[in-house]
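The values are calculated or read from the model by the stated rules, or taken from the named source; none is laboratory data. Predicted, not measured: the structure shown is a model, and the values here were computed from it. A quick note on method: Cβ atoms are made from the backbone with ideal geometry, for glycine too, and the neighbour counts reach across all protein chains shown.
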Amino acid sequence: MENLTLSRPRNAFLLYFLTACVPPWIGWSLLVFGRIPQNSWLSGAMFLTGESVSLAGLVATFGLQGRKGVSRLLKEAVRVNVPIHWWLYALLVPQVWFVSAGIVYLLLHGSPITFKPSALLAYGTPALLVPFFFGPLGEEFGWRGFLLPRFVERFSVLPACFLVGVIWSVWHWPLFYKGIIKSPLQEIFFLVATITGMSFLIGAVYLRTKSLLLAMLMHWSINAAQTVVGELLPGLPENAANAAAFRWCVWGVLMLFVLSTIPILLADRDSPIHLRATEGTTQTSPEVDKSW
């Protein structure tokens with residue numbers, strides 16, 4: 001019985017990573033390497049294999065905590081009773097991030113800065129609303145719901161956000177394969193650095209509110225902001241999103257947000273999900289699995 005108890009967390013993590021990584025790596029690779037044509041009816045199904053991350057989080061949580069753990073995650077996925085400033089943080093920070101990066105890019109290139117406020121109406125269109133049900137809903141039960149709290153339990157909050165970000169970025173590798181082949185160092189840097197930075201921002205929302213819904217909304221808001229910024233700042237060239245200069249601006253502004261988020265993550269030891277104290281002691285929460 002003792003050996004079984006000790007092996008359960010390892011088995012749960014193995015199950016998590018197999019479920020979260022194998023399906024999309026196979027599905028996306030089939031698309032990237034042309035084994036399945038982009039216009040094939042199977043291409044959509046292969047792209048949606050990325051939804052397996054949330055499934056992995058739910059399955060692994062059930063393996064460790066049973067129905068109680070799954071019920072907790074489902075409640076967090078509909079938790080709306082959180083302070084208003086966290087709603088503003090989750091929804092507005094991504095917009096400020098990309099708009100600021102766009103302004104910096106335009107200033108560096110001596111281009112006029114003009115705004116097109118009507119572009120904000122795009123946030124109410126199906127083209128931007130429907131993707132919420134893919135990346136954010138299909139991933140956050142895994143990255144924030146399962147993985148982040150257990151890394152916080154073992155490594156403390158800052159290393160936990162960093163590790164989740166690195167794993168999250170590596171998880172994306174098939175989608176960025178062609179770019180990595182063309183410019184390996186640059187593409188790998190932007191992939192890992194940007195997604196790891198995002199991990200700190202979304203991690204702060206989840207750790208401070210225990211609302212997976214807000215984590216999903218911030219994930220969605222980041223994706224949407226990338227799409228809208230070119231319309232909101234019409235002075236940006238069409239290929240700005242793929243230009244190294246713009247990506248450096250995006251990364252630089254992101255780092256400012258990450259640095260400002262670190263004190264938020266460390267300030268309150270009585271956060272909804274316990275944080276490890278600097279002395280090496282742990283404040284526990286009854287809802288966090290202790291078998292890890």
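Quickly run through segment 57-96 and pick out the residues that are polar (S, T, N, Q) and within 26 Å of GLN226 (Cα to Cα).
Hit for segment 57-96 is GLN95, nothing else.
How many of the residues in segment 256-269 are in contact (Cβ under 8 Å) with a residue 60 or more places away in the chain and of a type outside the set (Asp, Glu)?
Qualifying residue count, segment 256-269: 7.
Just name the residue that is farthest from ALA101 (Cα to Cα) out of those in segment 231-242 that are without any contact (Cβ under 8 Å) to a residue 24 or more places away in the chain and in a helix (DSSP H, G or I).
Going through the qualifying residues, I end up with ASN242.
Could you tell me whether segment 63-74 includes any residue that is surrounded by fewer than 17 Cβ atoms within 10 Å (Cβ to Cβ), modelled with pLDDT of 95 or more, more than 20 Å from TRP220 (Cβ to Cβ) and within 23 Å of the chain's Cα centre (by Cα)?
Yes, that holds for at least one residue.
Among the residues of segment 43-77, how many are touching a Ser or Thr at 6+ places or on another chain (Cβ under 6 Å) and free of Cβ contacts under 8 Å to residues at least 24 places away in the same chain?
1
Residue-by-condition table, conditions (1) under 28 Å from ALA240 (Cβ atoms); (2) among the β-branched types (Val, Ile, Thr); (3) without any contact (Cβ under 8 Å) to a residue 60 or more places away in the chain:
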{"residue": "LEU106", "(1), (2), (3)": "yes, no, no"}
{"residue": "THR125", "(1), (2), (3)": "yes, yes, yes"}
{"residue": "GLY142", "(1), (2), (3)": "no, no, no"}
{"residue": "LEU158", "(1), (2), (3)": "no, no, no"}
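Just checking, does segment 7-19 include any residue being among the basic types (Lys, Arg), assigned to a helix (DSSP H, G or I) and surrounded by fewer than 18 Cβ atoms within 10 Å (Cβ to Cβ)?
yes
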